[in-house]
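This report refers to the structure that appears directly beneath it.
The values are calculated or read from the model by the stated rules, or taken from the named source; none is laboratory data. What you see is a predicted model, and the numbers here were worked out from it, not measured in a lab. Cβ: placed from backbone, ideal geometry, glycine included. Neighbour counts: every protein chain shown. Accessible surface is based on the protein model in full, side chains and every heavy atom, while ligands, DNA and RNA are left aside. Shrake-Rupley method; radii C 1.70, N 1.55, O 1.52, S 1.80 Å.
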Amino acid sequence: MKYSFKNDYAEGAHPQILEALIKTNLNQQNGYGLDDFSSEAKEMIKQKIGNPKATVDFVSGGTQANLIAISAFLRPHESVVSASTGHIFTNESGAIEATGHKVHSVETSNGKIYPEDIQKIIDVHQNKPHQLKQKLVYISNSTELGTIYSKQELVNLYQYCQEKNLYLFVDGARLGHALTAETNDLKLEDFGKYTDAFYLGGTKNGALIGEAIIINNENLQEEFGFHLKQKGALLAKGRLLGVQFQELFRDDLYFDLARHANQQAMKIKETFKDFGYNFLSETFTNQIFPVLPNTQIEKLSENFDFYVWKKIDDENSAVRIITSWSTPDEIVEKFINEIKKLQ
């Protein structure tokens with residue numbers, strides 16, 4: 001059987017989470033997120049981000065989190081600015097547009113966007129009210145290319161958004177991986193301070209399902225629960241999400257799992273670098289994008305699965321290799337040995 005490096009959610013859940021679900025299984029609780037587990041998990045998260053006034057809501061997945069948050073925050077004539085690689089622009093089947101909100105894309109080489117990129121979009125949408133009003137900036141950390149924002153970059157974006165009366169929303173499907181990358185200088189508390197809203201992804205980091213939407217901007221908190229219910233995200237058995245996030249953040253398991261995934265990816269990255277391979281982007285998270293000859297891609301694909309991400313020329317392509325919280329040492333070693341055989 002092939003081992004898959006296609007994603008970081010191929011497995012079920014970390015054993016501690018499964019044990020916690022079994023242990024609490026027959027403990028009767030209120031529904032719709034009003035259970036004790038969810039309440040405690042929410043308080044844990046608010047404490048860790050350093051913002052007791054924030055609200056925390058659990059939903060099942062990343063597309064659902066993006067869809068509900070963005071559509072709740074925007075008025076009908078308002079739009080979103082995103083990198084062209086952003087998940088809401090490329091991989092969510094037009095979910096945001098389906099709610100009536102256009103996504104303006106910004107071309108980027110590294111998956112990140114900057115104030116000057118946003119300003120270009122605003123500059124060509126000055127014919128109000130005939131053109132849409134840009135209102136929300138969407139970024140991912142880590143990005144879809146595995147890159148991460150520095151603290152100064154996040155602060156600059158937030159300050160720019162404040163000046164331009166824009167909301168800053170962060171897709172944190174892989175936020176744990178960004179925060180545990182060796183080059184990272186951001187802390188979780190910074191996202192409680194320099195964003196209007198963001199979410200913490202559990203699906204890609206050891207949970208069965210689940211993302212935690214955190215709203216820092218108090219003006220966006222009111223009546224958010226109606227949007228959760230209307231879009232089918234308010235689970236009757238909300239405890240299933242609460243128990244998982246409680247376990248992930250009780251002893252920082254969330255960060256331990258992300259750090260492991262990053263470390264496994266870096267072992268593979270260093271092997272490619274040692275043999276002189278180039279990369280589509282410089283990453284220190286659990287996603288790497290080596291550029292390989294197509295013949296070598298075919299050979300590696302005999303025992304391992306991964307995506308061919310982008311054609312570079314007739315002979316070479318960039319592939320995406322993603323390690324997970326559960327990627328074992330022996331698999332990494334086997335993959336590294338396969339790389340060495342190609343030389």
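Please report, ordered by residue number, the strands (runs of 3 or more DSSP E) entirely within the stretch 259-343 with at least 2 residues that are closer than 17 Å to K6 by Cβ and either under 24 Å from the mean Cα position of the chain (by Cα) or charged (D, E, K, R) (or both).
Values: elements: 291-293, 307-311, 316-322.
Qualifying strands (runs of 3 or more DSSP E): 307-311, 316-322.
Out of the residues in the stretch 194-223 meeting the condition of being part of a helix (DSSP H, G or I) and either closer than 20 Å to F284 by Cα or of a type outside the set (S, T, N, Q) (or both), tell me which one is most open to solvent (accessible area, probe 1.4 Å). Outline the logic, then answer.
Of all residues in the stretch 194-223, those part of a helix (DSSP H, G or I) come to 218-220.
Subset that is either closer than 20 Å to F284 by Cα or of a type outside the set (S, T, N, Q) (or both): 218, 220.
Details: E218: 108, L220: 16 Å².
Ranking the qualifying residues of the stretch 194-223, first place goes to E218.
Regarding the stretch 45-52, can at least one residue be identified that is open to solvent by less than 10 Å² (accessible area, probe 1.4 Å), in contact (Cβ under 8 Å) with a residue 12 or more places away in the chain, touching an Asp or Glu at 6+ places or on another chain (Cβ under 6 Å) and farther than 23 Å from L157 by Cα?
no
May I ask you to list pairs of residues, at least six apart or on different chains, whose Cβ atoms are under 6 Å apart, with the first in the stretch 1-19 being farther than 12 Å from I209 by Cα and the second being open to solvent by 40 Å² or more (accessible area, probe 1.4 Å) and among the aliphatic types (A, V, I, L, M)?
S4/A10
Tell me, please, whether a residue that is in contact with a helix residue (DSSP H, G or I) (Cβ under 8 Å, 6 or more places away or on another chain) and among the aromatic types (F, W, Y) can be found in the stretch 252-262.
Yes, because at least one residue in the stretch 252-262 is in contact with a helix residue (DSSP H, G or I) (Cβ under 8 Å, 6 or more places away or on another chain) and among the aromatic types (F, W, Y).
Report every pair of residues separated by at least 6 positions or lying on different chains whose Cβ atoms are under 8 Å apart, first residue within the stretch 322-335 and over 19 Å from W309 (Cβ atoms), second of a type in the set (S, T, Y).
Here the result reads I331/Y3; V332/T323; K334/Y3, each pair linking the stretch 322-335 to a residue that is of a type in the set (S, T, Y).
How many residues, within the stretch 79-91, are free of Cβ contacts under 8 Å to residues at least 60 places away in the same chain and open to solvent by 10 Å² or more (accessible area, probe 1.4 Å)?
Qualifying residue count for the region: 4.
How many residues does the stretch 94-112 contain that are without any contact (Cβ under 8 Å) to a residue 40 or more places away in the chain and under 17 Å from the mean Cα position of the chain (by Cα)?
Selection size over the stretch 94-112: 2.
Condition (residue is assigned to a helix (DSSP H, G or I), open to solvent by less than 10 Å² (accessible area, probe 1.4 Å) and out of contact with any strand residue (DSSP E or B) (no Cβ under 7 Å at 6 or more places or on another chain)) applied to the stretch 224-246: is it met by at least one residue? Show your work before the answer.
First, pick out the residues of the stretch 224-246 that are assigned to a helix (DSSP H, G or I): 224-230, 239-246.
Of the ones still in play, those that are also open to solvent by less than 10 Å² (accessible area, probe 1.4 Å) are 224, 228, 241-245.
In the following step, the residues that additionally are out of contact with any strand residue (DSSP E or B) (no Cβ under 7 Å at 6 or more places or on another chain) were identified as 243-244.
There is at least one residue in the stretch 224-246 that is assigned to a helix (DSSP H, G or I), open to solvent by less than 10 Å² (accessible area, probe 1.4 Å) and out of contact with any strand residue (DSSP E or B) (no Cβ under 7 Å at 6 or more places or on another chain).
Read through the list (1) touching a Pro at 6+ places or on another chain (Cβ under 8 Å); (2) crowded, with 22+ Cβ neighbours inside 10 Å, then give the number of the only condition that D8 fails.
(1)
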